[in-house]
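**Q** The structure is given below, and queries will be raised subsequently.
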Amino acid sequence: MKNWGFKISKPRVLDFDTANLDAYNRLIEKVPSAHRCLMCGACTATCTANLHTTFNFRNCHLMFRRGQFEGLAEELDKCMLCGKCKLVCPRGVNTRAIIYNLRIVLSDLNYKKIEL
Amino acid sequence: MDKKVLIIGGGPAGIETAYSLALQDVKVVMIEKDANVCGNIQNWEKLFPDFKDAEEVRKILSQKLNHPNIEVITNTEIKNLYPQGNLWFAKNDDERIFEANAALLATGFEVFDAKRKEELGYGIYDNVITSADFEKMYKSRKILTAEGRVPQRIAFLNCVGSRDEKVGNHYCSRVCCINAVKQAIEFKELVPDAKAYCFYMDMRMAGQFYEELYRKSQEKYGVTYIRGRTSEAAVTRDNRIQIKAEDTLSALPMKMTVDLLVLMVGIEASAGTTLLSEQNDVLGLYGFAKPLGLYSEDNMTTKPGLFLAGTCKRPLTLPETLADARSAATDIIKYLKTTK
């Protein structure tokens, strides 16, 4: 068959009707303060890893909230778990615990397995 | 004091000013266009941010009108307000004339007509309602879709008719953000397993205890806030509503189907406010009445003897309106004492 050079591109739309939004409840069980996050970005602004890598904690948290798990585990592995983000959060969110538990939940969902 | 004041509008601002004046021995004639007094709060069930029963407030306000110095005239819409010498006159359609030493505009607001934002589907799709409709439903403690189902997913859209130059309203209505938080909590209390989303451009939680309630709605009730203005609503085959927005925090387009869409309608100047302000050259922006100044002259106008109170000037919350009304009474008394 002739190849016309066209391909099907994946839609970029966040579809709340099909996304796995329930995974977020597993995080909330472990870290209830995650609910309070306002997405202000103070955590990312203070983040040491963010200075040298593409790691953006606020965005990782948001993408997980929206049920978008692709590539998230790899991003989270850039965190050094220093906990500086937790010191600046205006809503007292346990950011460090979010990263730790997100990694476990993602592993359970078969995104980049970790040995515990 | 042998002086009389004409108050046009029998809402919270009118009532509170009337009572404050009556206590100072001023005779008041309060004229209301509808059959009942209390204005817009008749349509509200509970008030933000403390979920106070609006009925209690209505009762307190109505009782104030029992003061012997206050005469209440209902079902009378003033169409003409004008000064002559030191006196103020008001006329309705039947040419009935009311006369007094001073006049107060307390003609209040109307909620934005959501049909003007056609793309959001109000009046077109059954399951698009306004925040005012939500209050009516909540009176019976039943929030249901047009088909009588309990919604499993509900979305609140902020800034409908506010901060939108496409409808000519550049201003913020101030009360809708906190009202959305209140209604989302009320819904989650009725249907704890359902999902509640709130779309916003900014969440403006400037009042006392507003931020606390916002936080509680996230922490205790799990209400999800999404920054992004919904551009359009469409109906699905099963009569649900599909909405599209940009999730601006992730910079991705998003869509979701909801069972019920609630439009948080803003505050607009009432027709009476615009009409009577225009007649007296005190018309300000967006049809609201214009005070003489923003600071100590906020209840006065360029016309001696004509005063303003409440939401005929701009969007205000109920406590702000009541405080403003008492402040207007002080200015009116000062005027009456110094004028023949």
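**Q** For B:Ile178, are the conditions met, namely being away from every other protein chain (no Cβ under 12 Å), under 19 Å from the mean Cα position of the chain (by Cα) and within 24 Å of A:Ser33 (Cβ to Cβ)?
**A** Considered against the rule, which asks whether it is away from every other protein chain (no Cβ under 12 Å), under 19 Å from the mean Cα position of the chain (by Cα) and within 24 Å of A:Ser33 (Cβ to Cβ), B:Ile178 comes out as yes.
For every residue, the table says whether it meets (1) among the small types (Gly, Ala, Ser); (2) at the interface with another protein chain (Cβ under 9 Å from one of its Cβ atoms).
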{"residue": "A:Met1", "(1), (2)": "no, no"}
{"residue": "A:Ser9", "(1), (2)": "yes, no"}
{"residue": "A:Asp15", "(1), (2)": "no, yes"}
{"residue": "A:Thr18", "(1), (2)": "no, no"}
{"residue": "A:Leu21", "(1), (2)": "no, yes"}
{"residue": "A:Arg26", "(1), (2)": "no, no"}
{"residue": "A:Cys40", "(1), (2)": "no, no"}
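**Q** Separate question: Since B:Lys337 meets every condition but one in (1) closer than 30 Å to B:Glu147 by Cβ; (2) touching a Lys or Arg at 6+ places or on another chain (Cβ under 9 Å); (3) not in a strand (DSSP E or B), which condition does it not meet?
**A** For B:Lys337, the exception is condition (1).
**Q** Residue by residue through the stretch A:28-38, note down the ones that are more than 8 Å from every other protein chain (Cβ to nearest Cβ) and free of Cβ contacts under 8 Å to residues at least 12 places away in the same chain.
**A** A:Glu29
**Q** Looking only at the stretch A:44-78, how many residues end up being part of a loop (DSSP other than H, G, I, E, B), surrounded by 13 or more Cβ atoms within 10 Å (Cβ to Cβ) and within 14 Å of chain B (Cβ to nearest Cβ)?
**A** 5
**Q** Condition first: farther than 29 Å from B:Lys290 by Cα, in contact with a strand residue (DSSP E or B) (Cβ under 7 Å, 6 or more places away or on another chain), surrounded by fewer than 14 Cβ atoms within 10 Å (Cβ to Cβ) and not assigned by TED's automatic domain parsing to the domain that holds B:Leu261. Can you find one or more residues in the stretch B:51-58 that meet it?
**A** Among the residues of the stretch B:51-58, at least one is farther than 29 Å from B:Lys290 by Cα, in contact with a strand residue (DSSP E or B) (Cβ under 7 Å, 6 or more places away or on another chain), surrounded by fewer than 14 Cβ atoms within 10 Å (Cβ to Cβ) and not assigned by TED's automatic domain parsing to the domain that holds B:Leu261, which makes the answer yes.
**Q** I want to confirm something. Restricting to the stretch B:236-261 and keeping residues that are part of a loop (DSSP other than H, G, I, E, B) and of a type outside the set (Ser, Thr, Tyr), which single residue is nearest to the other protein chains (Cβ to nearest Cβ)?
**A** In this case the residue turns out to be B:Leu249.
**Q** Moving to a separate point now. Taking the condition of being in contact with a Phe, Trp or Tyr (Cβ under 6 Å, 6 or more places away or on another chain), in a loop (DSSP other than H, G, I, E, B) and within 30 Å of B:Glu232 (Cα to Cα), how many residues in the stretch B:262-312 meet it?
**A** Adding up the residues that qualify gives 2.
**Q** Pairs needed: first member in the stretch B:139-156, within 20 Å of B:Val181 (Cα to Cα); second member anywhere, modelled with pLDDT under 95 and of a type in the set (S, T, N, Q); C-beta distance under 9 Å; at least 6 residues apart or different chains.
**A** From the stretch B:139-156, the pairs are B:Ala155/B:Thr230.
**Q** If you don't mind, there's one more thing I want to ask. Would you pick out the residues in the stretch B:313-327 that are assigned to a helix (DSSP H, G or I) and free of Cβ contacts under 8 Å to residues at least 60 places away in the same chain?
**A** B:Pro319, B:Glu320, B:Ala323, B:Ser327
**Q** Can I ask one more? Out of all the residues in the stretch B:188-212, which are surrounded by 15 or more Cβ atoms within 10 Å (Cβ to Cβ), within 13 Å of another protein chain (Cβ to nearest Cβ) and in a helix (DSSP H, G or I)?
**A** B:Lys188, B:Glu211
**Q** Check off (1) in contact with a helix residue (DSSP H, G or I) (Cβ under 9 Å, 6 or more places away or on another chain); (2) surrounded by 20 or more Cβ atoms within 10 Å (Cβ to Cβ); (3) modelled with pLDDT of 95 or more for B:Arg240 and give me the number that stays unchecked.
**A** Failed condition: (1).
**Q** In the set A:Ile114, A:Ile98, which member is away from every other protein chain (no Cβ under 12 Å) and part of a loop (DSSP other than H, G, I, E, B)?
**A** Just one listed residue meets the conditions, A:Ile114.
For every residue, the table says whether it meets (1) in contact (Cβ under 8 Å) with a residue 24 or more places away in the chain; (2) crowded, with 22+ Cβ neighbours inside 10 Å; (3) of a type in the set (Lys, Arg).
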{"residue": "B:Lys244", "(1), (2), (3)": "no, no, yes"}
{"residue": "B:Thr257", "(1), (2), (3)": "yes, no, no"}
{"residue": "B:Leu260", "(1), (2), (3)": "yes, yes, no"}
{"residue": "B:Leu306", "(1), (2), (3)": "yes, yes, no"}
{"residue": "B:Gly310", "(1), (2), (3)": "yes, yes, no"}
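**Q** OK, next. Would you tally the residues in the stretch B:17-39 being at positive phi and charged (D, E, K, R)?
**A** 1
**Q** Here is a further query. Say we look at the stretch B:213-232 and pick out the residues that are more than 10 Å from chain A (Cβ to nearest Cβ) and touching a Lys or Arg at 6+ places or on another chain (Cβ under 8 Å); which of these is surrounded by the most Cβ atoms within 10 Å (Cβ to Cβ)?
**A** My answer is B:Thr230.
**Q** Against the condition closer than 20 Å to B:Ile185 by Cα and assigned to a strand (DSSP E or B), how does B:Ile129 come out, does it pass?
**A** Answer is yes for this residue.
The values are calculated or read from the model by the stated rules, or taken from the named source; none is laboratory data. Bear in mind the structure is a predicted one, so any value in this text is a computation, not a measurement. Methodologically, a virtual Cβ is constructed for each residue, glycine included, from the backbone with ideal geometry; neighbour enumeration extends over all protein chains shown.
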